[in-house]
Amino acid sequence: MTNKPTKATITFDNGAAPIELPILSGSLGNDVIDIRNLSKHGIFTYDPGFMSTAACNSNITFIDGEKGLLYYRGYPIEQLAEHCDFMEVSHLLINGELPNATQKQEFTRTITSHTMLHDQLSNIFRGFRRDAHPMAVMVGVVGSMSAFYHTKGDIHDAQSREITAHQLLAKVPTIAAWSYKYNIGQPFMYPANHLNYAENFMHMMFATPCEQYVPNPVLAKAFDRILILHADHEQNASTSTVRLAGSSGANPFACIAAGIASLWGPAHGGANEATLKMLEEIGDISRIGEFIKRAKDKTDTFRLMGFGHRVYRNMDPRAAIMRKTCHEVLNELGLNDDPMFKLAMALEKIALEDEYFVSRQLYPNVDFYSGIVMRAMGIPNSMFTAIFALARTAGWIAQWSEMNADSGHKIGRPRQLYTGETRREFVPIVKRT
Ligand code: SDX
């Protein structure tokens with residue numbers, strides 16, 4: 001029997017009547033104070049950045065920031081990364097359960113048979129300059145899918161939502177790989193459907209029509225694990241963007257494009273690209289102190305990229321798995337002395353011993369090592385966030401589907417604390433000084 005509180009009371013220092021609010025409990029994590037009826041009392045809560053606000057209830061992913069735990073549908077990320085592949089994890093996120101052998105075969109066959117793009121879509125890439133950032137291309141091309149694949153879909157129908165999920169999971173890798181091919185001026189490589197999901201993406205990225213390309217199985221497995229680690233993460237900025245866009249009933253492909261746009265920011269999914277740029281700028285272990293000093297200097301906008309997290313007040317469990325994957329890939333490629341990896345490990349050690357980072361509970365996050373792994377695999381910096389978006393499409397579509405399956409969900413419409421001008425009368429231009 002726990003003595004957890006079941007309601008909270010707001011009292012006011014001017015003698016106004018107190019307000020009683022129910023406290024709701026989930027299956028794991030913090031309880032929440034239900035403030036849905038608070039506005040009827042003529043008052044709002046104020047929480048820019050949503051530091052203390054639960055925007056929805058969800059059954060998909062759970063994070064314990066204090067303990068550094070991450071569960072997808074209750075399964076610890078360490079076990080999924082060790083024993084599953086991305087198709088199994090995508091099925092888990094979208095359908096709520098790990099597939100049995102038959103379900104996995106059917107799910108994989110469905111995804112594999114939808115990897116091609118409508119041929120007209122290939123023309124949209126050509127509207128971009130060749131040097132366009134792959135994320136700019138992905139926002140545009142994924143958004144344009146709403147003109148090709150969702151003309152008749154009903155977001156309130158479970159089967160229609162499932163078809164949308166399959167189309168996105170299947171086609172976003174092709175779009176991501178073609179964004180890269182377009183950028184480097186090579187011909188698009190069509191999906192090779194005898195390959196698995198990770199191998200097929202590597203084929204579309206690195207194969208050319210001129211030579212036989214066989215994906216390295218160790219690198220393909222490592223890439224598949226990177227997809228698993230990035231697949232979902234509760235109500236982060238980009239997932240919240242997908243949910244907010246979707247809450248108006250908007251086209252799901254347009255909602256995923258909005259998620260891609262939000263993920264692109266260096267404070268979010270763009271941090272992997274920014275981390276590698278930072279490591280390249282630091283260049284040598286001897287310069288780490290200079291950058292640590294800058295990261296602590298409040299007059300300097302520089303932040304240690306790949307460090308810190310809104311939720312984790314402990315090591316991001318994904319970072320530890322990513323570091324291990326880093327070792328495996330560098331070992332496979334005979335790059336154990338990779339200077340960037342050595343620099344990253346030295347930076348991690350120094351930062352984790354520095355009072356500034358320790359007192360603020362700033363630890364490496366998923367983006368700290370992912371760039372090093374992908375760079376070692378021959379993936380250019382500019383593609384790191386595109387690959388994050390590829391992986392997170394599984395989580396975004398699972399969260400979008402969960403929201404639309406709840407017939408009681410409302411359009412998201414936050415309020416504000418208004419601090420502007422109070423009422424004033426119009427002044428004709430001839431009287432304005
Ligand atoms: C992802 O939300 C998710 O789940 C995201 C993600 C996912 O899978 O979807 O996990 C993926 O986005 C990981 C985070 C990647 N971003 C970076 O690595 C960029 C660098 N990190 C920071 O920008 C920052 O840590 C954030 C944005 C990640 C979190 O910022 P918060 O929660 O708003 O924290 P804050 O800005 O309030 O910082 C608290 C203190 C401040 O100092 P004080 O004002 O207390 O003196 O910590 C400092 C900050 O200045 N701080 C940092 C820092 N991060 C926080 N100082 C230096 N370097 C940093 N990286």
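Just for region 343-353: of the residues that are more than 12 Å from the ligand (Cβ to nearest atom) and in contact with a Phe, Trp or Tyr (Cβ under 8 Å, 6 or more places away or on another chain), which one is farthest from Ala271 (Cα to Cα)? Show your work before the answer.
Start the filter on region 343-353 by keeping residues that are more than 12 Å from the ligand (Cβ to nearest atom), which leaves 343-346, 348-350, 352-353.
Filter once more, so that each one left must be in contact with a Phe, Trp or Tyr (Cβ under 8 Å, 6 or more places away or on another chain): 344, 348, 352.
Working: Ala344: 14, Glu348: 16, Leu352: 19 Å.
Once the filter is applied, the top-ranked residue is Leu352.
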- Message: Yes or no: region 312-320 includes at least one residue that is within 12 Å of the ligand (Cβ to nearest atom), modelled with pLDDT under 95 and surrounded by fewer than 18 Cβ atoms within 10 Å (Cβ to Cβ).
- Response: yes
- Query: If Leu279 passes every condition in (1) over 29 Å from Gln79 (Cβ atoms); (2) away from the ligand (no atom under 14 Å from the Cβ) but one, which one does it miss?
  - Reply: (2)
- Those residues that are of a type outside the set (Ser, Thr, Tyr) and surrounded by fewer than 13 Cβ atoms within 10 Å (Cβ to Cβ), I need them from region 25-40; list them, please. Leu28, Asn30, Arg36, Asn37, Lys40
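Filter region 340-360 down to the residues that are assigned to a helix (DSSP H, G or I), open to solvent by 40 Å² or more (accessible area, probe 1.4 Å) and either charged (D, E, K, R) or within 25 Å of Asp224 (Cα to Cα) (or both) and list them by number. Let's see the steps before the verdict.
Pass one, region 340-360, residues assigned to a helix (DSSP H, G or I): 340-352, 355-359.
Okay, now just the ones that are also open to solvent by 40 Å² or more (accessible area, probe 1.4 Å), so 342, 345, 349-350, 352, 355, 358-359.
Selection gives Lys342, Met345, Lys349, Glu355.
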- Query: Out of all the residues in region 41-63, which are open to solvent by 80 Å² or more (accessible area, probe 1.4 Å) and closer than 18 Å to Ala398 by Cβ?
  - Reply: Ala55, Asn57, Asn59
- Query: Which pairs do you get when a residue that is more than 11 Å from the ligand (Cβ to nearest atom), found in region 354-376, comes within reach of a residue that is not in a helix (DSSP H, G or I), reach meaning Cβ atoms under 9 angstrom, with the pair 6+ apart or on two chains?
  - Reply: Tyr369/Gly306; Ile372/Asp338; Val373/Ile379; Met374/Pro380; Arg375/Asp338; Ala376/Leu333; Ala376/Leu335; Ala376/Asp338
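Using the structure shown, decide if Asp284 is near the ligand (Cβ under 10 Å from one of its atoms) and of a type in the set (D, E, K, R).
Working: near the ligand (Cβ under 10 Å from one of its atoms): no; of a type in the set (D, E, K, R): yes.
The answer is no for Asp284.
Just a yes or no: is a residue in region 425-433 β-branched (Val, Ile, Thr), more than 30 Å from Gly42 (Cβ to Cβ) and either assigned to a helix (DSSP H, G or I) or within 12 Å of the ligand (Cβ to nearest atom) (or both)? Don't jump to the end; show me each part of the working.
Keep residues of region 425-433 that are β-branched (Val, Ile, Thr), which gives 427, 429-430, 433.
Add one more test, that the residue is more than 30 Å from Gly42 (Cβ to Cβ), and what stays is 427, 429-430, 433.
With either assigned to a helix (DSSP H, G or I) or within 12 Å of the ligand (Cβ to nearest atom) (or both) added as a condition, the list becomes 429-430.
For region 425-433, residues β-branched (Val, Ile, Thr), more than 30 Å from Gly42 (Cβ to Cβ) and either assigned to a helix (DSSP H, G or I) or within 12 Å of the ligand (Cβ to nearest atom) (or both): present.
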- Looking at Gly395, Gly420, Gly412, which is the one that is at pLDDT 95 or above and touching a strand residue (DSSP E or B) at 6+ places or on another chain (Cβ under 8 Å)? Gly395
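Do you know which of the residues in region 361-373 that are of a type outside the set (S, T, N, Q) and surrounded by fewer than 24 Cβ atoms within 10 Å (Cβ to Cβ) is nearest to Arg303 (Cα to Cα)? Full working, then the answer.
Taking region 361-373 and keeping what is of a type outside the set (S, T, N, Q), we get 362-364, 366-369, 371-373.
Next, only the ones that are surrounded by fewer than 24 Cβ atoms within 10 Å (Cβ to Cβ) stay: 362-363.
On the way: Leu362: 11, Tyr363: 13 Å.
Top of the filtered list is Leu362.
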- Conditions (1) under 30 Å from Asp406 (Cα atoms); (2) open to solvent by 20 Å² or more (accessible area, probe 1.4 Å); number of the one not met by Arg126: (1)
- Those residues of region 229-248 which are more than 15 Å from the ligand (Cβ to nearest atom) and open to solvent by less than 40 Å² (accessible area, probe 1.4 Å), in sequence order: Ala245, Gly246, Ser247
- Task: Inspect region 135-157 for any residue being modelled with pLDDT of 95 or more and either assigned to a loop (DSSP other than H, G, I, E, B) or open to solvent by 60 Å² or more (accessible area, probe 1.4 Å) (or both) and give the result as yes or no.
- Result: no
- Item | Residue under evaluation Thr241, criteria (1) in contact (Cβ under 8 Å) with a residue 40 or more places away in the chain; (2) closer than 29 Å to Asn365 by Cβ, criterion not met | (1)
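The values are calculated or read from the model by the stated rules, or taken from the named source; none is laboratory data. Since we're looking at a predicted model, the values are computed, not measured. Quick reminder, even Gly has a Cβ in these numbers, built from the backbone with ideal geometry, and neighbours come from all protein chains shown. Heavy atoms of the whole protein, side chains included, go into the accessibility calculation; ligands, DNA and RNA do not. Shrake-Rupley method; radii C 1.70, N 1.55, O 1.52, S 1.80 Å.
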